[in-house]
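Okay, so here's the structure we're looking at.
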Amino acid sequence: MKVLHNKINKEVLKSKIQNDPTQRITLSFYQYYHLKNPHIFRDHLYLLFENAGVLGRIYVSYEGVNAQVSVPKENWVLFEEAMQSISFLASIRLNKAIEDNGKSFFKLAIKVRNKIVADGLNDETFDVTNKGQHLKAEEFNALAEQQNTIIIDMRNHYESEVGHFMNAILPDVETFREALPVVEKMLEDHKDKNIIMYCTGGIRCEKASAYYKHKGFKHVHQLEGGIIEYARRAEELGIENKFIGKNFVFDERLGERISPDIIAKCHQCGSPDDHHVNCANDQCHILFIQCPSCAENFQHTCSVECRDFNQLPEDKKEELKGKVSFNGTKFGKGRYKANHHSSGILEISKDR
């Protein structure tokens with residue numbers, strides 16, 4: 001029987017893709033749909049996409065599909081045929097990347113999950129199909145200008161830190177599950193106002209808009225296609241781009257530039273920078289923003305402790321594994337803030 005998952009070492013795959021001259025197209029898509037057997041569908045989708053040379057990360061559940069993938073340009077027709085062969089995916093929007101070097105993914109991983117986005121909601125308590133009104137880029141801009149409008153970023157703090165819409169409220173949360181009650185509390189006295197929600201590609205707002213309508217918010221809107229589609233359409237129409245900075249993406253690129261503005265700072269020295277990285281110490285791996293100078297000084301790690309650990313012999317690292325803690329074991333995703341002291345040691349704080 002054919003093995004329907006990858007067994008090759010990640011670093012081998014990464015090296016192979018980085019040295020492969022094949023042009024690839026990075027894109028995302030999602031669709032809420034009642035799947036009777038997500039496990040069978042998962043294997044079917046794997047075979048179709050593997051045949052088309054698709055790489056990426058896809059979640060399948062009883063409620064549908066959520067995918068971030070890259071496709072060889074030469075295989076685009078094969079990919080389209082695969083999508084067309086699945087009735088509920090045949091005519092959906094494909095959000096193509098704004099900035100794309102084709103090196104966004106290194107393997108194909110399709111996983112069956114309870115939900116395609118972890119939201120913590122009981123879908124049986126409200127009508128998930130009663131969603132907010134979709135807004136195209138030009139409609140978003142027009143409604144955003146009205147005084148009776150509130151714009152809410154439904155993404156996590158490390159996403160909005162590097163880029164967001166002008167005048168948007170930016171919840172200080174680490175997960176979408178956490179954002180839902182936080183945003184509801186923030187808006188509890190504004191149920192009669194125009195609420196515009198946005199996220200990366202639109203999937204989080206699909207569920208959130210229905211939830212907030214259920215909670216009594218009267219004028220709920222969502223940005224159609226999220227930031228990715230907004231940026232594409234704004235450029236196509238030649239209208240004002242109200243998004244400043246970078247759009248954080250959940251692949252190897254970790255971001256695509258929407259405007260030239262750099263609104264974030266290096267988490268180590270405080271200089272203007274918006275380049276997310278993961279600490280090179282695999283025992284830490286915390287997500288943080290690092291400028292080129294600090295990358296050189298700290299050898300791509302987040303602290304002196306991690307830099308020094310990385311320089312140890314492999315047998316010593318193995319001996320210490322699990323016995324010492326680093327920023328990545330102390331704090332949540334992206335919850336990294338550092339201040340230099342004269343000693344050269346970084347003091348880590350959970351406050352932002």
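The values are calculated or read from the model by the stated rules, or taken from the named source; none is laboratory data. Just so you know, these numbers come straight off a predicted model, no measurement behind them. So basically every Cβ, Gly included, is an ideal-geometry build from the backbone, and we count neighbours across all protein chains shown.
Might you let me know whether region 235-242 holds any residue that is in contact with a strand residue (DSSP E or B) (Cβ under 8 Å, 6 or more places away or on another chain) and of a type outside the set (D, E, K, R)? Scanning region 235-242, I find no residue that is in contact with a strand residue (DSSP E or B) (Cβ under 8 Å, 6 or more places away or on another chain) and of a type outside the set (D, E, K, R), so the answer is no. Only one of the numbered conditions (1) in a helix (DSSP H, G or I); (2) touching an Asp or Glu at 6+ places or on another chain (Cβ under 9 Å); (3) surrounded by 14 or more Cβ atoms within 10 Å (Cβ to Cβ); (4) not acidic (Asp, Glu) is not met by residue 209, and that is (2).
The residue that is surrounded by the fewest Cβ atoms within 10 Å (Cβ to Cβ), among those in region 155-194 that are part of a strand (DSSP E or B) and in contact with a helix residue (DSSP H, G or I) (Cβ under 7 Å, 6 or more places away or on another chain), is 169. Taking the criterion of being surrounded by 15 or more Cβ atoms within 10 Å (Cβ to Cβ) and either in contact (Cβ under 8 Å) with a residue 24 or more places away in the chain or within 20 Å of residue 32 (Cα to Cα) (or both), the residues of region 134-151 that qualify are 134, 135, 136, 137, 140, 141, 143, 144, 149, 150, 151. Within region 155-168, identify whether any single residue is touching a Lys or Arg at 6+ places or on another chain (Cβ under 6 Å) and free of Cβ contacts under 8 Å to residues at least 60 places away in the same chain, and answer yes or no. No; the residues of region 155-168 include none that is touching a Lys or Arg at 6+ places or on another chain (Cβ under 6 Å) and free of Cβ contacts under 8 Å to residues at least 60 places away in the same chain.
Counting only residues that are outside any loop (DSSP other than H, G, I, E, B) and of a type outside the set (Lys, Arg), which one in region 108-133 is farthest from residue 37 (Cα to Cα)?
Narrowing region 108-133 to residues outside any loop (DSSP other than H, G, I, E, B): 108-112, 123-125, 133.
Then keep just the ones that are of a type outside the set (Lys, Arg); that gives 108-110, 112, 123-125, 133.
Numbers: 108: 20, 109: 18, 110: 14, 112: 10, 123: 18, 124: 19, 125: 23, 133: 30 Å.
Going through the qualifying residues, I end up with 133.
Are any of the residues in region 70-77 among the hydrophobic types (A, V, I, L, M, F, W, C), farther than 14 Å from residue 111 by Cα and buried (at least 22 other Cβ atoms within 10 Å of the Cβ)? For region 70-77, residues among the hydrophobic types (A, V, I, L, M, F, W, C), farther than 14 Å from residue 111 by Cα and buried (at least 22 other Cβ atoms within 10 Å of the Cβ): present.
Looking for something in contact with an Asp or Glu (Cβ under 7 Å, 6 or more places away or on another chain), assigned by TED's automatic domain parsing to the domain that holds residue 201 and not in a helix (DSSP H, G or I) - is there at least one such residue anywhere in region 136-154?
Yes - at least one qualifying residue is present in region 136-154.
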